[in-house]
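The values are calculated or read from the model by the stated rules, or taken from the named source; none is laboratory data. Keep in mind the model is a prediction, meaning the values are calculated, not measured. Here the Cβ positions follow ideal geometry from the backbone for every residue, glycine too, while neighbour counts run over all protein chains shown. In case anyone asks, the SASA skips ligands and DNA or RNA and just uses the protein heavy atoms, side chains included. Shrake-Rupley method; radii C 1.70, N 1.55, O 1.52, S 1.80 Å.
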2 protein chains.
Amino acid sequence: MNVTGVIVEYNPFHNGHFYHLQKSIDQTKADLVIAVMSGNFLQRGEPALLSKWERTKMALEAGIDLVVELPYAFATQKAEIFANGAVSILDALGTTHLCFGSEQGDIQPFINTLSFTCEHQTEYDLEIKKYLKQGHSYPKSQALAFRSLNLPDMPIVDLSKPNNILGYHYLKAVKDQGSAISVDTIKRVAAEYHDANLTDNSIASATSIRQTIFAEGGQLHKIQSKVPDFTYRRLDAAQKSGSLHHWEHYYPYLFYKLITVQLEELVDIYEAEEGLEHRMLRIVERTDSFKAFMEELKTKRYTWTRLQRLCVHTLTNTKKRDMKGTLTNKLAPYIRLLGMNQKGQSYLNKRKADLSLPLITNIRKNTPPLLDLDIKAAKVYALPDHSTNKYNEISRSPLRYDETEKTWL
Amino acid sequence: MNVTGVIVEYNPFHNGHFYHLQKSIDQTKADLVIAVMSGNFLQRGEPALLSKWERTKMALEAGIDLVVELPYAFATQKAEIFANGAVSILDALGTTHLCFGSEQGDIQPFINTLSFTCEHQTEYDLEIKKYLKQGHSYPKSQALAFRSLNLPDMPIVDLSKPNNILGYHYLKAVKDQGSAISVDTIKRVAAEYHDANLTDNSIASATSIRQTIFAEGGQLHKIQSKVPDFTYRRLDAAQKSGSLHHWEHYYPYLFYKLITVQLEELVDIYEAEEGLEHRMLRIVERTDSFKAFMEELKTKRYTWTRLQRLCVHTLTNTKKRDMKGTLTNKLAPYIRLLGMNQKGQSYLNKRKADLSLPLITNIRKNTPPLLDLDIKAAKVYALPDHSTNKYNEISRSPLRYDETEKTWL
């Protein structure tokens, strides 16, 4: 049985995701598809446009059979930790194939690059350190270090592209974890990840879709051709009820946190390093928006996403000590089920006894370490909604979708 | 020269305050009047309706010559610490007379009560402990303990009344600090402190005035006859611009704080004691207003105001260690000047060299310990105003009022 895993954020689910999903199913001859999806806060250090529950609905309607959550402790992290968490969950669920989208589009250069960097690990690490010392960001240093090595005469991958970096780390995580998952990639079409402008055809990047949605005046209709109907309906409803989430909605809380926090508390926050905490305290009082705050915080040494992740951890009050286990283990300690269709449910029922990680379907009964971070993140995520019952992650059950009747059970 | 001190909150300044001020001037033959006023957060653990700057203006327009701030570390405190802070500031400014309003209205019973409790201190303290153990609040235990003593055959004061308690502590602070200030009292007229309903005549309590202002539909006109014109104008303008401050406006921030704080951090908050921190964490998620939160938090053991003060300290992230100096010294470490008229200014100029505490007119130049708590409290106080420049306590200069021309300089 071919069980294909995809690692996704779906912020929001768009035609490019649908294309990737279809191609993955074809290419791997998938009998079942599992998505590991970031929760309410994403890898780039942003709140998701729609909650993990809304995004799970879109994933199921798009044809995914099982949706599980990448815990906060792995999701709002740099590529390496993100990848390790996601791969460990897919592996525990019995995934046979992993298929990721990349700018590269061909798996061999990833394999070449990985084996080359492993062979030259010491040299590679030294080069990375050198570029970090020169004040470059970590991803930039990685890319520069790689280029400075005496490269082999075979196709390698461009590690300056965001989806190539993620893909490289998926492959590395599979290798490091000794997983039997077979990894393949599909070329992302039409839109580059960072594209800000909508192109004419039916595929646009999630970044450009979000920017269009939040552009002056709310131009939701402009993205209608770029997303499936089930996405459009949800975005439209959320926009009408004012519940599309955006960092700016959280800025009053981050601001409040920073004007009241004591320095020694801020030092404890995960990813508050090398004087960033002083910088945050110094600039907060002269900035009245998240955008202005980030622009003042930004330096060459840190990527925008690295700094946004620090802001998320500050907002959720996540401490260095909370992440200790994550950094040591690199493996997710549980599988949190968000949703499934009938096929997904029977698969789970069959495999239940063999799962190598505890399966969480009901938080009330199980609270393994790190799950409290997900619960807290859900509460924080709901802050702009001004509704207390939305905070209640505890009483949520996994979503159940009837894929033939197209109804919710 | 008779220098009369009054200890005030003016939340807001009303006709009863005006009456008290006039009577104090007459009774003490005052040549100059100094007000020590709570800053943005008050003794009862509430944000002031109007900022300390607006309330300073009202005090100056009412005829007070000098307005200085009772620091946060003394203002948002139980009567004993509040009184010690205020008296130490008045003493440092050369005050000769202190005149307070009380339900009692005659100073002799205060003197009798103080000397009697001092003589029976050990017995009194034991009795207080006994009632505390029975689960009564501290003020209630004090009142019960006092009544259980074998009382002398002379007029004593009823320590169950809030202004009598404050007055008792003013007198005690003057005695304990060895101050030469002569203390007198004036009977509060017409309205009891806790009166919730407006009476027909021109004097109403600040509590009833606030309740009328915040009653359904905004009934500001109903209190017009209870306050001077200069108060009414300010309340009216603030109501129209939506900048009358109320605990409910801060509840989103308190809520956010409590859903993200870690237990060991909450334990460090000043006045978080005997499991109150567990209680706060347990109830916060089922309450969607400050009122509902307080009603769930309230027990017989703690007064409403004691719990509100805990909420203010939680909101401002004020730690037990921040208050250590206050609790040991009981004396204010500086005099923060908020406003003055010309008479007040020449008095200050003459006395400047003799002041026993540093005079703070400009925060940029002087930052003695504890002043950072005032600065932080001002930032937190401004949160609902959504305007960054309002946070800037640093650049404020004391207000200067021309009492003959009735203009601001």
Practice task
Among the helices (runs of 4 or more DSSP H) lying completely within segment A:284-396, list those that include at least 2 residues that are β-branched (Val, Ile, Thr).
Solution key: A:304-315, A:324-329, A:371-381
Exercise for the section: From (1) in contact with a Pro (Cβ under 6 Å, 6 or more places away or on another chain); (2) surrounded by fewer than 20 Cβ atoms within 10 Å (Cβ to Cβ), pick out the condition that doesn't hold for A:Thr287. Expected result: (1)
Practice task
Scan segment A:95-152 for residues that are in a helix (DSSP H, G or I), without any contact (Cβ under 8 Å) to a residue 40 or more places away in the chain and of a type in the set (S, T, N, Q) and jot them down.
Solution key: A:Ser115, A:Thr117, A:Gln121, A:Thr122, A:Ser141, A:Gln142, A:Ser148
Exercise for the section: Among the candidates A:Phe230, A:Phe214, single out the residue that is at pLDDT 95 or above and surrounded by fewer than 19 Cβ atoms within 10 Å (Cβ to Cβ). Expected result: A:Phe230
Problem - Conditions (1) within 14 Å of chain A (Cβ to nearest Cβ); (2) buried (at least 16 other Cβ atoms within 10 Å of the Cβ); (3) among the aliphatic types (A, V, I, L, M); (4) touching a residue at least 24 places away in the same chain (Cβ under 8 Å): number failed by B:Ile394 - result: (2)
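A quick yes/no check of all residues on (1) open to solvent by less than 40 Å² (accessible area, probe 1.4 Å); (2) among the charged types (D, E, K, R):
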| site | (1), (2) |
| --- | --- |
| A:Lys319 | yes, yes |
| A:Met323 | yes, no |
| A:Asn329 | no, no |
| A:Tyr334 | yes, no |
| A:Gly339 | yes, no |
| A:Gln345 | no, no |
| A:Leu348 | yes, no |
| A:Thr367 | no, no |
| A:Ala378 | yes, no |
Exercise for the section: Would you check if A:Leu258 is out of contact with any Pro (no Cβ under 6 Å at 6 or more places or on another chain) and within 14 Å of chain B (Cβ to nearest Cβ)? Expected result: yes
Completion exercise
Flagged in segment B:161-186 as over 18 Å from the mean Cα position of the chain (by Cα) and in a loop (DSSP other than H, G, I, E, B), in numbering order, are B:Gln177, B:Gly178, B:Ser179, B:Ala180, B:Ile181
Handout entry: Among the candidates A:Tyr193, A:Tyr168, residue that is among the aromatic types (Phe, Trp, Tyr) and modelled with pLDDT under 95
Key = A:Tyr193
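Find the residue count for segment B:307-329, including only residues that are more than 14 Å from chain A (Cβ to nearest Cβ) and at pLDDT 95 or above.
Residues that pass the stated criteria total 4.
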Completion exercise
Here the residues within segment A:292-306 that are more than 14 Å from chain B (Cβ to nearest Cβ) and open to solvent by 10 Å² or more (accessible area, probe 1.4 Å) are A:Glu295, A:Lys298, A:Thr299, A:Lys300, A:Arg301, A:Tyr302, A:Thr303, A:Trp304, A:Thr305, A:Arg306
Practice task
Residue by residue through segment A:133-157, note down the ones that are over 16 Å from A:Trp304 (Cα atoms) and surrounded by fewer than 18 Cβ atoms within 10 Å (Cβ to Cβ).
Solution key: A:Lys133, A:Gln134, A:Arg147, A:Ser148, A:Leu149, A:Asn150, A:Leu151, A:Pro152, A:Asp153, A:Met154, A:Pro155
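Under the condition of being among the hydroxyl-bearing types (Ser, Thr, Tyr) and over 12 Å from B:Ala332 (Cβ atoms), which residue from segment B:84-110 is most open to solvent (accessible area, probe 1.4 Å)?
Filtering segment B:84-110 for residues that are among the hydroxyl-bearing types (Ser, Thr, Tyr) and over 12 Å from B:Ala332 (Cβ atoms), the one most open to solvent (accessible area, probe 1.4 Å) comes out as B:Thr96.
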Handout entry: From the options A:Ile7, A:Ile81, residue that is out of contact with any strand residue (DSSP E or B) (no Cβ under 7 Å at 6 or more places or on another chain), open to solvent by 10 Å² or more (accessible area, probe 1.4 Å) and assigned by the TED database to the domain that holds A:Arg396
Key = A:Ile81
Completion exercise
Given the conditions (1) over 18 Å from the mean Cα position of the chain (by Cα); (2) of a type in the set (S, T, N, Q); (3) open to solvent by less than 10 Å² (accessible area, probe 1.4 Å), every one holds for B:Thr56 apart from (1)
Exercise for the section: Using the structure shown, decide if B:Leu355 is buried (at least 17 other Cβ atoms within 10 Å of the Cβ), aliphatic (A, V, I, L, M) and away from chain A (no Cβ under 14 Å). Expected result: no
